[in-house]
1. By what distance, in whole Å, do the Cα atoms of the stretch A:2-172 stretch along each of the three principal axes, largest value first?
2. What whole-number distance in Å separates the alpha-carbon centres of the stretch B:451-497 and the stretch B:287-308?
3. What's the average, rounded to a whole number, of partner chain beta-carbon atoms within 10 Å of each residue's beta-carbon in B:149-160?
4. Just read off the accessible area of B:SER419 with the full protein assembly in place, 1.4 Å probe, to the nearest 10 Å².
5. What angle, in degrees between 0 and 90 and rounded to the nearest 10, separates the Cα long axis of helix B:146-155 from the longest principal axis of the Cα atoms of chain B?
6. Give me the net charge for the shell around B:ILE331: Cβ to Cβ below 10 angstrom, other residues only, Lys and Arg +1, Asp and Glu -1.
7. So for chain B, averaging the separation of alpha carbon pairs under 8 Å that are six or more residues apart and normalising by length, what relative contact order in percent results?
8. Just to verify a number: FRET efficiency for A:HIS102 and A:ASP15, C-beta to C-beta distance, R0 = 22 Å, to 0.05?
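The values are calculated or read from the model by the stated rules, or taken from the named source; none is laboratory data. Note that the structure is predicted; figures quoted are calculated from it, not measured. With ideal geometry, Cβ positions are generated from the backbone for all residues, glycine too; neighbour counts draw on all protein chains shown. Each accessible area value is taken on the protein alone, full model and side chains, heavy atoms only, with ligands, DNA and RNA left out. Shrake-Rupley method; radii C 1.70, N 1.55, O 1.52, S 1.80 Å.
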Amino acid sequence: MNIDLTNTTTRKVLDALSAARHRMGGPATGKVLTLVVLTEEASQYDAVRASTEAAREHPCRIIVVIGRSPHGESRLDAEVRVGETGPGETVVLRLYGQLIEHADSVVLPLLVPDTPVVAWWPGIAPDKPAEEALGALAQRRVTDARGGSDPLGTLKKLAEAYEPGDTDFAWTRITGWRTLLAATLDQPHDDITGARVEADPHNPSAALLAAWLSDRLAVPCTVTESHGPGITGVRLTTTVGDIAITRPDGRVATLSRPEQPDRQVALHRRPTSELLAEELRRLDPDEVYRDAVLRFAKGLDGPAQTTPEAEEAGGEAEAGGGAAKGGGAAGKTTEAAAAPAKAPRGGRGKKS
Amino acid sequence: MNTGPQPLNPLRDPRDKRLPRVAGPCVLVLFGVTGDLSRKKLLPAIYDLANRGLLPPGFSLVGFARRDWEHQDFRQLAHDAVKEHARTPFREDVWNQLAEGIHFVPGTFDDPGAFEALAMAVKELDEQRGTGGNYAFYLSIPPKFFQEVVQQLQASGLSQPSEGSWRRVVIEKPFGHDLASAQELNAILHEVFPEESIFRIDHYLGKETVQNILALRFANNLFEPIWNRSYVDHVQITMAEDIGIGGRAGYFDGVGTARDVIQNHLLQLLALTAMEEPVSFAAESVRAEKAKVLSAVRLPKDLGANTVRGQYSAGWQGGVKVRGYHEEEGIPPNSRTDTYAAVRVDVDTRRWAGVPFYLRTGKRLARRATEVALVFQRAPHLPFAATDTEELGQNALVIRVQPDEGVTMRFGSKVPGTSMEVRDVNMDFDYGESFTESSPEAYERLLLDVLIGDPPLFPRQEEVELSWEILDPIEEYWDKHGKPELYKAGSWGPKAADEMMARDGRAWRRL
C-alpha cells in the first residue's frame, strides 16, 4: 500500500502508517529498529532498495530523508509504503526550505519507540556524523567513505571525528578478507614480520585492512597499488616465506602458504544491501573498527597514500623495525601505520 | 614450520563480532550420498556454508557409495541437490570452488579395497588441497552398517589421526531402538573413536528456536521467576506431522513414532525447557544440566492410563484422500507400530514437583507443528463476576519451534465495550515472518560445529541412554498390553489421548 501526502506533518504521516497497517491487517510487531537514510533525490532509489533488502533480515521502519531545494517555503512531503516490497514500513520524506535545517524535528516523532536508531549516509559522508542533528539521534552511524570524491581524506576526517557507534562501509567491505585472514592464522604459522595489502588506488578499505593488520599483528604494514578490482591481495611475510591471499578477479581468492599446496575459496564483493544488513546485525559500538580507523589516521601524514612499487617494504621493516619510520611518508612507500617499538617482530603470533 | 600450539591468534578479538567462526582445513567424507537426507539437507547445507564463507579454503568433500560413478557424477548429483534445495542464492564461483573439491570413491562397505582407495583419496586431497589430514566421517547410513564401516575405517588406518590432526565421526538418529541396542551401538563406535570425537546429530538442537529456549529463559528476567511449579500448571510438548510414513516403511515399521520422535526430539525439548540454569554455556555445563533433568524424569505408575498410542486410518488430510497406515506400502496388515504417541511424565525436582509434562507426537495429524507450551495456573482470585471471565482460559507461553518460529504469549484482555468482559488474546513474536531469509538451516549450524569441533549442540551418550531409560518401560508395557487405537488421518489423534488429558482435568492445545 502506497500513500502520498503532500504538504504534510508528522502527525498525518503517523496516522497514515497506522491506517495502512490496519488495512493490511498486520500488527505493529517485529520492528527491531528504525533506519534513517540520509540521501539525495538522485540516489534515493538505490538506497531504498538496499534498505528494503536489508529489512528482510532486520525488520525495521525505514525513514528516508531527502533534502530538496533549500529556497522557498518550508514544506514536508511524505510517501508511506507498507507491505509493498517486504516486511517493515518505509516513509520517504522530502524536505523543502528552512525545514531542511530541522530534519530532526520531522524524524524524531517517527522513530519506533524504545528501539535502536541507525543513521546511514549512502552518499557523501558528513564531516562529523555524531554531531549531525540526525546522527545524534542514532546509536549507530554508518557512512561510506567511497561515497565522495576523496575516499581516503574522508576516512581520515571520519577517524578524527570518531564517536562510539560510528562505522564505515569501507570497514564492512573487508569482513570477508578479515575472516579469511583470521581463519588462516588459526592454523599454525611462523612469526609474522610484515604485511602488505594490494589494492586499486585510493582504496579506503585497503587502508583500513592495513591499519587493522598493523594494529593486531604489531608489524609494519604497507599498501601498494594494483589494478584492482578492489583489494587484490594480502601478503603476510613470515620467517620462512609469505602467506599470501590473492584475488585478482574480485571473485575467487587463492591462499598460498609456505610448503603447502595452494587453496582456493570464493571471496566475492558484496552488494550494498548485504553490507547494510551486516551493519544492522550488531548495534553496539564497533571497537575493533575504532582501533583500526584511529591507527589509519595516525599513520597517514602525506597526501600520497600509495605508490606502485613497494617490493622491499617487508624486508625493510624487518631490518629496521617500524619505529624509525613512524612518519610513514619516507621513501617510496607509505606505511598505513607505524609498528610499535615494543613488539616489532610480531611476537604475539607465537607463544610456544 | 612451527606446529606447536598457538593459542592466541592476534587477529581474533572477542570484541570483533563481525568475524564468524570458520572451520579449519578438512575433508568431509560422506557415506550414503544418494540418500534423501544427503540430497535435501547435507549437500545444500555444505554449499550454503561455502557461500557464507564459513568453509576453509581447500575444503573437500568425498562421497562413498555403491555406485559405478566418476567424480563427475557425484558433482552432478551435488549440483542438482544444491540448485534445488540450497537456502542461499546459487553463485557460479562458489560452486566451482566447491565442486573442485568434490570427489567420489565407489565401493561397498564389505570391501577393504574400497576403503584403501578411500584412504588414498583423502591422502591425495591432503597433498593437493592442503586439508591437513583432518577428516570428518558422516555416516548417513542405516545403523546396521555402522559396525562394518567403522571397522573398515580402522582397518584401513583412516580412523587414526596423525600428530596434530583430528578425526570425527557423525551419526544421525536413531541411536539404537532401546537402551541395550544404544549401548551396543555406542560400544561399536567407541572401539574405534573416543567419545569426544563422536558427534550425534539431533537436528532439532540446531534449530534457532530451540537454541532460543535457552536465550529466552536465561537471558531475560521476565520469565525465569515464573518458570516453576508456583505458576506453571503443566507443560505440553508437541511434534505433529501432517505426512504419513511415505517411503520409510522399511525403517519405520516396528520402530514407531515414540522411538522415532519422543526418545530424541521431545525429550531434548523437555530437557531444555525443564533444566536448571547451567553455570556457563560451555558444552559440559549444558550437557550436565540436561543429564540431571533427564535423570529426574519419572514415569507414572499406571502406564495404561497415562500413555496413549495410535495408528492412523484412511481419511482426508488437508483436502487429499490418504491411505491408512495398514494400507501403506510395505506395512504388514497386523502391524502394531504406533504412528501416534502421547505420554505423561513428571520431573522430580523442586522446581517441577507436581507439574506434569505431556509429550505427544503423531503422523498424519491435521497440521505440521512443533511447540513447547507452558500453561499457567489460573489466577488465584478473580475479582470479576463469574460471567465476565467465562471466556478466559489459562495463560500460556508457547515456544513455536516450527513452522512460524517464534514465541506466543496468551493472556486475558478486556473486550472493548461497556461490560467487563475478559477474553484470551495472543501476543506474537515472530521469527519466521521476518528472519527466515537469514536464519541458517539446522544442518548448516550442526555441520559447521562438527568441522570446528564445537560440541554443545550434540547430545552425549549419557543423554541418549537416559532417554531410553525413560522410554523403554513404556515400550515394554505397550508390547504386552493392547494395541494402538485408530485415529482418522487429518484429525488430532485418537480419542484416548483426549480422555487421558481429561482425567487430569486438562485438555490438549488445539494447534
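1. Extents along the principal axes: 48, 40, 27 Å.
2. 11
3. Details: counts 0, 0, 0, 0, 0, 0, 0, 0, 0, 0, 0, 0.
So the per-residue partner count for this stretch is 0.
4. That residue has around 60 Å² of solvent-accessible surface.
5. That helix lies at roughly 30 degrees to the long axis.
6. For residues surrounding B:ILE331, the net value is -3.
7. Numbers: 912 pairs, mean separation 84.6, N = 511.
Result for chain B is 17 percent.
8. Values: r = 21 Å, r/R0 = 0.96.
Computed FRET efficiency for A:HIS102 and A:ASP15 comes out at 0.55.
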